[in-house]
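Structure first, then comments.
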Amino acid sequence: MESNSLELDDIQSGALHERPTPYVGTYLLLRIDDRAAGRELVRRLHGLVDSGKTSQDPAHGAWITAAFTYQGLEALGVPQDSLDSFAPEFRQGMAARAAELGDVGQSSPPNWEKPLGTPDVHVALGVLSSDQARLDAAAERARRAHRELTGVELIWRQDCYQLPTGRTSFGFKDGIGQPSVEGSGLPPSNPKEKPLKAGAIVLGYPDETGELPPMPSPDVLGRNGTYVVFRKLHTKVAAYRRYLRDKAASREEEALLGAKMVGRWQSGAPLALAPDADDPKLGADPQRNNDFLYGDDLRGLKCPAGAHSRRANPRDALDGDGSVDVRLHRMIRRGTSYGPMLPDGELEDDGVDRGIVFVFAGAHLKRQFEFVKTQWLNDGIFVGAPLEKDPLVGTNDGSGRFTIPEVPIRRRLQDLPPFVVTRGGEYCFAPGLRALRWLAELDT
C-alpha cells in the first residue's frame, strides 16, 4: 500500500502535533521482564495513545506517546527477521554510537544517568498536557497500564514543564521553527518554506527524494511509524552566563553576544529580522518570528553562519553551492525543560540539575538527527570554519571559538567551554496504532 494520503487515524499524535503552550509533562521508561506482561502492556497502551486526528483543543486533556527501543521490541518477541529490518543505527542504540555523535568526556555513556543507554530500557512513554491536573490524570492512566503487571517495571521518570518565562534555561524563547508536514493539516510556521513530504517524518510515504524510505517489516509494523531520538541534556547555565559576562563590556553587549551565539534574541526575535536590537513584539508573534530565510545574509553580518539556530536549520543559506539539500535533513524537534530556573543574575552553579529533554521524530535516523548532530553542530566545515563547532551545544572543550562577522573586522570569541552535557539518551521507534495492536497480539 503506497497511498500518499496520510492515515492520520493510525499515526501517533506526538509525531505530528506541537506540544501545548504552556505545557507540563512526564517521561517514563519501563523494562519488560515477562513477555506476556509486555504484550498486555502494549494492549493497554493501544487504548491510551492518541492518533494524529486528535483535536489540538486543550480541553482534550493530555497526549500520550509510546515508543520502543530495539531491546524492547526484542523483549516483546518480535521475530528476528523483523528486528533485522530496522535501521542499523536503531539496532545499535545511541550509546553504541556516542563517539560518532560527539558524546565524549563528560557526555560519554559511562557518565550517563542510569538506566539511560543500558539494555534495561525497553519502553518510553511521553505524557504532555496543558495543565497539571490533566497531566496527572493522564499519567495515572499510563501508570495503571503497567502498575498491575508484575513483569513490567518503571525504571526512570523525568518531569518537565514550561518555565514561567516561557523560555529555556539559557533564557531563550523555545518551540520556534518547526517544519510542517504535507497532509497533516497543520500550517507552516514559515510561509517561505513549503511543507516536508510526509515520508520525511512518517514511514510508508514518499520522502523528499520522491522515494519510499526503508521501512521495517512486515508492513503492518513499519507503516505509519517513526523513529524517535530521546536525549536528556544538562545545561550549564552559570558557566554560560559567566562566559558572556567575561566577554562583554556591558549588559547590552552580553545580550548581543548571546543572540549572536544562538541566532535569536532571548525574546525569540530572529537576528535575520532584528539584527541590531531585540524586538519583543516580533519575538512573541508566531506569524512573524519564523518568517525568514538566510539567502540575503550569506556573509552572516546579521546572523552568523555558525550561530546555533542557523546551524540546526540553514534554510536557504546552502542553496548556492548545491552540495547539500537542507530539506533532506529537516526533522521534527520537541524540546521540553526540566529543573528549576537558575535565579536571574546568578553566576555560580547551584548544583541543581536543569536542562532540556530533546525529542526528535523522523524517518531517517542517520540522514536527519545524526547528520545534523555530526555535520552541522559538531563540525564547522559547512560554514567555512572547520575548527569551529556550535557555540551553544557543540562538543566544545574549552579551546573552541566562534566567529562573529563584522565590518570592518570580524570578532572571534575564544576558549568556548561546554555549555551542554549529555546525561543520556535512547533511539526508539514509535509504531502506528495498528502496529501497537500487532505487537500486543504476537504469539512468538
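Annotations
Quick grid of which residues meet (1) under 23 Å from Gly424 (Cα atoms); (2) buried (at least 20 other Cβ atoms within 10 Å of the Cβ); (3) not small (Gly, Ala, Ser):
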residue: Phe86; (1), (2), (3): yes, yes, yes
residue: Phe90; (1), (2), (3): yes, yes, yes
residue: Leu101; (1), (2), (3): yes, yes, yes
residue: Ser108; (1), (2), (3): yes, no, no
residue: Glu113; (1), (2), (3): yes, no, yes
residue: Asp131; (1), (2), (3): no, no, yes
residue: Arg147; (1), (2), (3): no, no, yes
residue: Pro164; (1), (2), (3): no, no, yes
residue: Ser189; (1), (2), (3): no, no, no
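- Thr118 vs. criteria assigned to a loop (DSSP other than H, G, I, E, B) and free of Cβ contacts under 8 Å to residues at least 60 places away in the same chain: yes
- Restricting segment 360-374 to residues that are over 20 Å from Thr209 (Cα atoms) and of a type outside the set (D, E, K, R), the residue that is surrounded by the fewest Cβ atoms within 10 Å (Cβ to Cβ) is Thr374.
- Among the residues making up segment 399-444, a single one is of a type in the set (Gly, Ala, Ser) and over 30 Å from Gln158 (Cβ atoms): Ser399.
- Among the residues making up segment 275-291, those that are crowded, with 20+ Cβ neighbours inside 10 Å and part of a loop (DSSP other than H, G, I, E, B) are Asn289, Asn290.
- Selection from segment 346-378 of residues that are in contact (Cβ under 8 Å) with a residue 60 or more places away in the chain and more than 17 Å from the chain's Cα centre (by Cα): Glu346, Leu347, Glu348, Asp349, Asp350, Asp353
- Enumeration of residues in segment 336-345 that are surrounded by 12 or more Cβ atoms within 10 Å (Cβ to Cβ) and without any contact (Cβ under 8 Å) to a residue 24 or more places away in the chain: Pro340
- Taking first residues from segment 214-226 that are among the basic types (Lys, Arg) and partners that are crowded, with 24+ Cβ neighbours inside 10 Å, the Cβ contacts under 7 Å between residues at least 6 apart in sequence or on separate chains come to Arg223/Leu203; Arg223/Gly204; Arg223/Gly432.
- If only residues of segment 209-235 that are over 22 Å from the mean Cα position of the chain (by Cα) and in a helix (DSSP H, G or I) are counted, the one that is nearest to Gly335 (Cα to Cα) is Leu221.
- Scan of segment 191-207 for residues that are touching a residue at least 24 places away in the same chain (Cβ under 8 Å), assigned to a loop (DSSP other than H, G, I, E, B) and surrounded by 19 or more Cβ atoms within 10 Å (Cβ to Cβ), ordered by number: Glu193, Ile201, Val202, Leu203, Gly204, Tyr205, Asp207
- The condition of being more than 25 Å from the chain's Cα centre (by Cα) and either in a strand (DSSP E or B) or at pLDDT 95 or above (or both) holds for only one of Ala238, Ala255, that being Ala255.
- Residue within segment 328-335 that is closer than 30 Å to Leu203 by Cα, of a type in the set (Gly, Ala, Ser) and surrounded by fewer than 21 Cβ atoms within 10 Å (Cβ to Cβ) present: yes
- Hits in segment 1-42 (condition: modelled with pLDDT under 95, surrounded by fewer than 17 Cβ atoms within 10 Å (Cβ to Cβ) and not in a loop (DSSP other than H, G, I, E, B)): Asp9
- Given (1) buried (at least 21 other Cβ atoms within 10 Å of the Cβ); (2) of a type in the set (Gly, Ala, Ser); (3) modelled with pLDDT under 90, index of the condition Ala75 fails: (3)
- Looking across Gly171, Gly185, Gly175, one residue alone is in contact (Cβ under 8 Å) with a residue 60 or more places away in the chain, more than 28 Å from Gly424 (Cα to Cα) and not in a strand (DSSP E or B). It is Gly185.
- Inside segment 350-387, residues that are on the phi > 0 side of the Ramachandran plot and out of contact with any strand residue (DSSP E or B) (no Cβ under 7 Å at 6 or more places or on another chain) make up a count of 2.
- Matching residues in segment 388-422 - criterion: being in a loop (DSSP other than H, G, I, E, B) and at positive phi: Gly398
- When Asp319 is tested against (1) more than 29 Å from Gly384 (Cβ to Cβ); (2) outside any helix (DSSP H, G or I), exactly one condition is not met: (1).
- Condition met for Ala249 (surrounded by 15 or more Cβ atoms within 10 Å (Cβ to Cβ) and either free of Cβ contacts under 8 Å to residues at least 24 places away in the same chain or in a loop (DSSP other than H, G, I, E, B) (or both)): no
- Flag for Ala96 being surrounded by fewer than 18 Cβ atoms within 10 Å (Cβ to Cβ), modelled with pLDDT of 95 or more, out of contact with any Gly (no Cβ under 6 Å at 6 or more places or on another chain) and part of a helix (DSSP H, G or I): yes
- Members of segment 152-210 found to be polar (S, T, N, Q), touching a helix residue (DSSP H, G or I) at 6+ places or on another chain (Cβ under 8 Å) and closer than 24 Å to Gly263 by Cα, listed by number: Ser169
For every residue, the table says whether it meets (1) more than 25 Å from the chain's Cα centre (by Cα); (2) under 30 Å from Ala66 (Cβ atoms).
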{"position": "Pro391", "(1), (2)": "no, no"}
{"position": "Arg412", "(1), (2)": "yes, no"}
{"position": "Val420", "(1), (2)": "no, yes"}
{"position": "Ala435", "(1), (2)": "no, yes"}
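The values are calculated or read from the model by the stated rules, or taken from the named source; none is laboratory data. Given the structure is predicted, the values throughout are model-derived calculations rather than measurements. Don't worry about glycine lacking a Cβ; one is built from the backbone with ideal geometry, like all the others, and counts go over all protein chains shown.
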